[in-house]
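The values are calculated or read from the model by the stated rules, or taken from the named source; none is laboratory data. Because the structure is predicted, anything quoted here is derived from the model rather than measured. When we count neighbours, we look across all protein chains shown, and the Cβ atoms used for this are built from the backbone with ideal geometry, even at glycine.
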Amino acid sequence: MLLIFCINGLIISDLEDTVFSTKEAELSAAASEYSTSLSVYGLDYTLDISQSYSKTNRRVIITDSEFHIIFDSFNRESLVGKTMFHPAITHALEGKNHFSSSRNSSEISSFASAPIVTNNRIVGAVSVFETDTAFPEIFSSLETISLVLSAITLLLMLSATILTILFITRKIVFYAKTIKNSQKNDSMNAVSLKYTDEFHPILDEFNCISERFNYTQEMRQAFVSDASHELRTPLAAIRLLCESITQTDDIDPDTVREFMEDMILEVDRMSHTAEKLLVLSRLDNTTKSISAPLSLSEIVENMITALKPIAAKKDVTLIPYIDENCFILGDTEGVNQIIGNLIDNAIKYNTYGGTVKIYLYADNVQCTFITDDTGIGIAPEFRERVFERFYRIDKSREHDGRGGSGLGLSIVKRNVESLGGTITISDSISGGTRFTVVFPSLHSYEEV
Ligand code: ADP
């Protein structure tokens, strides 16, 4: 609104300037023309001026050098014989041409004057005065029109804004209802419309969110069912063993001891699974692990020492190729879980009398850790799946009698990702499996 007013004001003031300059040109030209004629023909020439101006709204006054009026084109109220002090006359008698103009609500008054010079002497002044009542009327009409136009524009803009708001609100309500009607129970359904409009990206975004939500729901349900299955199986075994003890008459103590040992094994499995579930839930709830500079070489060497007795039980030889200068940023617990699980698996899924080669080396940007075993191998189609929770290729759990829960590699992958690393599985040239973990090295952080 203010902008429209300003634009209209500017247009009117431009028009005013044009009118004033036209008037200046006309009146100054008239004053100069008469002053030249009077300079040449003498002051008597005024009679002709009187003829030509008698019926116009211009008034020509000629004064001598003493400010006495010697001619006035207005016959009525003639000022001839009187003295007149006006800035226009004063300026002209000082030898300067003069023009001034002013406007009020009913008229524009303009004054132009020029000196009359005879024999290099200022003998008088010609002043032309004009009062114009036509233009102020036009200006005030224009101002009224501008005001009305501004008001109409404002009304139109307000109506357009209200209509737009109503349109947007209706659309939002419509989309909200469509989304609400398409939802059932605790799953989110994708919403589709037969047409597309400016609001369709909201639906697309909603569909993406619902897809992610449904995937998370499915994962959660699968996780709960896998976890309960994992705990139910050992519980069923324990129950069976207990029933065998209680329902068998005259059961011999050795059989009882054997059953009890089996029960302890099942309880160990359950606590092992529960422990890993806790680790996973902790990892899920932490976005970033607490990082400190760590010697990966030291962690790997310590882990090899710790796992040697387990390897020895299976006659598996651990062969390390360790570069002493591998440093990374990470948390000790997470890195131990990665290294421990991978070496442990390489022993667990190895053949009797097999070997596990453990490589650790670094360059400027990364540290690479590899376990390369002579074990049973992992077929390409299982290489992605083994990182899923509870996924085991061989469901019998009979490796070394300590077949696992299927959670170890999920924990490994989650830890590797939180350290900004990658993990891949490939065939080992020795016939088994090769796990390769790449960590960003401490150097790479220092360079950044
Ligand atoms: P688990 O507790 O069963 O060992 P993991 O998550 O550590 O669980 O491993 C998932 C599955 O991947 C294992 O059950 C096993 O079938 C397979 N696997 C893991 N490491 C190896 C390996 N080095 N060689 C062969 N198979 C392996």
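Below are the figures for this structure:
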{"item": "Test: residue in region 149-164 that is crowded, with 16+ Cβ neighbours inside 10 Å, under 60 Å from the mean Cα position of the chain (by Cα) and outside the structural domain of Ser13 (by TED's automatic domain parsing)", "result": "yes"}
{"item": "Residue satisfying condition, being of a type in the set (D, E, K, R) and out of contact with any helix residue (DSSP H, G or I) (no Cβ under 8 Å at 6 or more places or on another chain), within set Arg121, Arg58", "result": "Arg121"}
{"item": "Odd one out for Asp323 among (1) in the same structural domain as Thr371 (by TED's automatic domain parsing); (2) exposed (fewer than 15 other Cβ atoms within 10 Å of the Cβ); (3) over 43 Å from the mean Cα position of the chain (by Cα)", "result": "(2)"}
{"item": "Cβ-Cβ under 9 Å pairs, at least 6 apart or on other chains, region 334-348 side in the same structural domain as Leu318 (by TED's automatic domain parsing) and of a type in the set (Asp, Glu), far side within 8 Å of the ligand (Cβ to nearest atom) and in a helix (DSSP H, G or I)", "result": "Asp344/Gly408"}
{"item": "Any hit, region 76-87, residues being assigned to a helix (DSSP H, G or I), in the same structural domain as Ser13 (by TED's automatic domain parsing) and at pLDDT below 90", "result": "yes"}
{"item": "Hits in region 269-279 (condition: touching a Ser or Thr at 6+ places or on another chain (Cβ under 6 Å) and under 14 Å from Asn415 (Cβ atoms))", "result": "Lys276"}
{"item": "Residue tally, condition part of a helix (DSSP H, G or I) and in contact (Cβ under 8 Å) with a residue 40 or more places away in the chain, over region 127-140", "result": "2"}
{"item": "Test: residue in region 434-448 that is touching an Asp or Glu at 6+ places or on another chain (Cβ under 9 Å), assigned to a loop (DSSP other than H, G, I, E, B), touching a residue at least 12 places away in the same chain (Cβ under 8 Å) and not β-branched (Val, Ile, Thr)", "result": "no"}
{"item": "Within region 363-385, tally of residues that are aromatic (Phe, Trp, Tyr) and within 12 Å of the ligand (Cβ to nearest atom)", "result": "1"}
{"item": "Residue list for region 248-300, restricted to those being among the hydroxyl-bearing types (Ser, Thr, Tyr), within 34 Å of the chain's Cα centre (by Cα) and under 25 Å from Leu235 (Cβ atoms)", "result": "Ser281"}
{"item": "Top-ranked residue in region 403-417 [being modelled with pLDDT of 90 or more and of a type in the set (S, T, N, Q); ranked as nearest to the ligand (Cβ to nearest atom)]", "result": "Ser410"}
{"item": "Matching entry among Phe390, Phe435 (being within 11 Å of the ligand (Cβ to nearest atom), aromatic (Phe, Trp, Tyr) and at pLDDT below 95)", "result": "Phe390"}
{"item": "Exclusive hit being within 18 Å of Arg434 (Cβ to Cβ), within 11 Å of the ligand (Cβ to nearest atom), at pLDDT 95 or above and touching a strand residue (DSSP E or B) at 6+ places or on another chain (Cβ under 9 Å), set Leu360, Leu342", "result": "Leu342"}
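Conditions (1) small (Gly, Ala, Ser); (2) more than 30 Å from Thr63 (Cα to Cα); (3) part of a helix (DSSP H, G or I); (4) at pLDDT 85 or above, marked per residue:
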site: Ala112; (1), (2), (3), (4): yes, no, no, yes
site: Ala125; (1), (2), (3), (4): yes, no, no, yes
site: Leu142; (1), (2), (3), (4): no, yes, yes, no
site: Leu158; (1), (2), (3), (4): no, yes, yes, yes
site: Ile162; (1), (2), (3), (4): no, yes, yes, yes
site: Arg170; (1), (2), (3), (4): no, yes, yes, yes
site: Lys194; (1), (2), (3), (4): no, yes, no, no
site: Glu198; (1), (2), (3), (4): no, yes, no, no
site: Asn207; (1), (2), (3), (4): no, yes, yes, yes
